[in-house]
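> This is the structure, below, for whatever I ask next.
Derivation of every value follows stated rules applied to the coordinates shown; laboratory data play no part. A quick note: this is a predicted structure, and the numbers were derived from the prediction, not measured. Reconstructed Cβ throughout: ideal geometry from the backbone, glycine too, with neighbour counts over all protein chains shown.
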Amino acid sequence: MTTFSDFGLSKEIEQAVFNMGFEEPTPIQAQAIPIALDGKDMIGQAQTGTGKTTAFGVPLLEKLSVKEGTQGLVVCPTRELAVQVAEELNRIGQGKGIRALPIYGGQDISRQIRSLKNGPQVIVATPGRLIDHIERKTIRLGAIKMVVLDEADEMLNMGFVEDIEKILAETPKEKQTMLFSATMPRRIQNLAERFMKNPEIVKVKAKEMTVTNIEQYYVEAHEKQKFDVLCGLLDIQTPELAIVFGRTKKRVDEVVDGLIKRGYSAEGIHGDIPQSKRDQVIRRFKEASIDIMVATDVAARGLDISGVSHVYNFDIPQDPESYVHRIGRTGRAGKKGKAMTFVSPREIDHLKVIENMTKKKMDKMPIPTMHDVLAGNQKAAVNQLRETMENNDYLDYKQLAETLLEDTDSVILLASALKLITKEPDATPVRLTSVEPLRSKKPRGGFDSKRRGSNDRGGRSDKGRSFDRDRKRSPKRPSGERTR
């Protein structure tokens with residue numbers, strides 16, 4: 001069995017990988033890391049979720065020096081992927097002192113310029129905003145030693161081929177280039193022929209994504225209904241430990257605040273929360289001091305927590321791999337788990353994509369009614385009463401009960417006690433910032449950049465969108481800062 005120790009890595013990088021919980025490399029990592037460490041150009045054909053970031057991240061960070069400025073460049077199609085990749089690179093490079101900075105549209109460019117002055121060793125960027133900085137001369141690529149094009153087919157699909165060519169033309173001729181793509185259309189082959197030197201080709205098939213021991217459901221609900229649906233399901237299902245996944249950091253914060261307002265024991269973790277606080281939340285969750293942890297995908301990656309009975313996808317994940325990763329937090333150690341995914345009517349196609357990839361059809365769960373919630377809370381009260389009896393926790397109250405029964409009907413007394421301990425449905429108003437629904441990517445006939453507008457996973461508005469589309473929206477654009 002190959003391990004990361006077999007690659008001859010520096011102790012800082014090897015320790016970082018070990019701390020991230022990786023022992024045995026995935027197939028793409030086992031093949032790509034030795035090739036990249038040898039300094040060869042490489043094309044990796046692999047799906048998302050196969051461990052691509054570590055496959056290029058380990059050799060990239062191994063080769064860079066903490067004493068120099070920007071030496072590594074990773075180009076990604078979306079802002080979410082750029083942030084995700086940068087976070088993983090920072091974890092791998094932490095011990096060595098190497099820093100990766102995400103640069104993407106939609107973020108204040110002045111803030112990015114200030115961060116760039118600190119001299120990050122690696123820039124992880126979306127194409128449009130990267131060209132903004134190149135034109136402003138706030139990013140210079142003259143000292144780049146390694147370039148990684150991540151999800152190259154997605155970038156071409158979105159119409160970024162000219163941008164990629166322009167970016168690569170700004171880098172030195174003597175450099176190492178790594179390209180990762182799920183598919184290999186002719187335009188990517190042309191790109192490789194122009195900008196790569198005798199690249200080694202690594203092909204890895206994605207593992208079949210199946211999940212056992214987990215009952216999978218979906219609830220069709222509009223954005224404004226989702227929080228009440230979540231609370232209703234929490235009351236009815238009474239999970240021992242539950243993880244709620246939200247798409248953004250802001251979403252996580254708002255869901256946590258709302259749950260606390262309604263009397264639930266909840267805390268959140270995401271990338272902006274300091275590591276010490278994250279560790280504290282995870283420890284409290286493991287100890288069951290809190291019942292509900294709300295998290296983003298990146299923050300929850302690599303969590304090793306047993307006893308999670310329920311996973312709630314408050315926002316449907318971006319891709320099937322993320323879905324499998326999320327719901328895999330439950331159903332462990334032979335125990336059964338439950339996973340509920342909330343989808344808006346416009347996200348049903350996206351749900352079907354996940355079902356096709358996982359080869360598992362989700363059962364539709366109706367939106368719980370107030371009657372359902374009350375019945376669930378009553379059942380929980382009865383269970384609480386039975387548990388008290390079984391544990392003999394009532395002995396100090398036995399004499400008091402006998403006294404009450406002398407002049408009170410036993411059924412009326414028990415009904416009054418149950419009413420007292422039953423949690424009434426809480427209708428405390430909670431308002432969440434609206435998040436636009438995901439839309440599935442429609443099949444295409446090719447990679448013509450003129451059709452990029454039809455890729456509607458990110459939509460036309462910039463609010464809550466993922467794609468970096470600040471380039472070439474129209475032939476004649478006013479000069480100035482691009483917004484994406």
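> Over the chain, what is the relative contact order in whole percent, taking alpha-carbon pairs under 8 Å and six or more residues apart?
In percent, rounded to a whole number, it is 18.
> For the charge dipole of the stretch 4-203, defined by +1 on Lys and Arg C-beta atoms and -1 on Asp and Glu C-beta atoms about the Cα centroid, which residue among 28, 94, 116 has the Cα displaced farthest towards the positive pole?
With unit charges placed on the Cβ atoms, the residue in question is 116.
> May I pose another question? So for 91, 329, fewest C-beta neighbours within 10 Å to most, what's the order?
91, 329
> Let me ask another. Taking a threshold of 29 Å on the Cα-Cα distance, which of the pairs 11/250; 203/226; 203/338; 117/145; 250/336 fall above it?
In this structure, 11/250; 203/226; 203/338; 250/336 lie more than 29 Å apart at Cα.
> Moving on. Could you give me the radius of gyration and the Dmax of the chain, taking only the C-alpha atoms into account and expressing both in angstrom?
In Å, with Rg to one decimal and Dmax whole: 25.9, 95.
> How fast does the stretch 4-203 diffuse by Stokes-Einstein, in µm²/s, taking the Kirkwood radius from C-alpha pairs at 37 °C and 0.692 mPa s?
Rounded, D is 197 µm²/s.
> Arrange the following residues from fewest to most other Cβ atoms within 10 Å of their Cβ: 85, 373.
By the 10 Å Cβ count, ascending, the order reads 373, 85.
> Taking the beta-carbon count within 10 Å as an exposure proxy, list 54, 138 from fewest neighbours to most.
Listing 54, 138 from fewest to most nearby Cβ atoms yields 138, 54.
> Then there is this: Go ahead and estimate [θ] at 222 nm for the chain from helices alone: -39,500 (n - 2.57) per DSSP H run with n ≥ 4, summed, over the residue count, rounded to 500.
-12000 deg cm²/dmol
> Could you give the distance between the Cα centres of the stretch 396-420 and the stretch 325-355, to the whole Å?
Here the answer is 44 Å between Cα centres.
> Compute the orientation-averaged projected area for the stretch 214-370 from the convex hull of its Cα atoms and round it to one decimal in nm².
That works out to 8.7 nm², a quarter of the Cα hull's surface.
> Measure up 286/361; 67/277; 96/173; 224/423; 249/286 against 25 Å on the Cα-Cα distance and list the ones that go over.
In this structure, 286/361; 67/277; 96/173 lie more than 25 Å apart at Cα.
> Output wanted: per-residue J couplings in Hz (rounded whole) for the stretch 17-32, from phi through Karplus 6.51 cos²θ - 1.76 cosθ + 1.60, θ = phi - 60°, x for Gly and Pro.
Running phi through 6.51 cos²θ - 1.76 cosθ + 1.60 with θ = phi - 60° gives 5, 4, 5, 7, x, 8, 10, 9, x, 6, x, 5, 5, 4, 8, 7 Hz.
> Which whole-number percentage describes the relative contact order of the stretch 214-370, with Cα contacts under 8 Å and a sequence gap of 6 or more?
37 percent
> FRET efficiency for residue 421 and residue 363, Cβ-Cβ distance as r, R0 = 35 Å, nearest 0.05?
Rounded to the nearest 0.05, the efficiency is 0.65.
> Would you work out which of 131, 182, 56 lies farthest towards the positive end of the dipole of the stretch 4-203, given +1 charges on the beta-carbon of Lys and Arg and -1 on that of Asp and Glu, about the Cα centre?
Farthest towards the positive end: 131.
> Using the Karplus equation 6.51 cos²θ - 1.76 cosθ + 1.60 (θ = phi - 60°), what ³J(HN,Hα) coupling, rounded to whole Hz, does each residue of the stretch 350-364 give in order, writing x for Gly and Pro?
Per residue, the Karplus-derived 3J(HN,Hα) values read 5, 4, 5, 4, 4, 4, 5, 6, 8, 6, 9, 7, 7, 7, 7 Hz.
> I've got another one for you. Treating only the Cα positions of the stretch 101-148 as identical point scatterers, give the base-10 log of I(q)/I(0) from the Debye formula at each q in 0.14, 0.16, 0.19, 0.26 Å⁻¹.
Relative scattering, expressed as log10 I(q)/I(0), comes to -0.29, -0.38, -0.55, -1.09.
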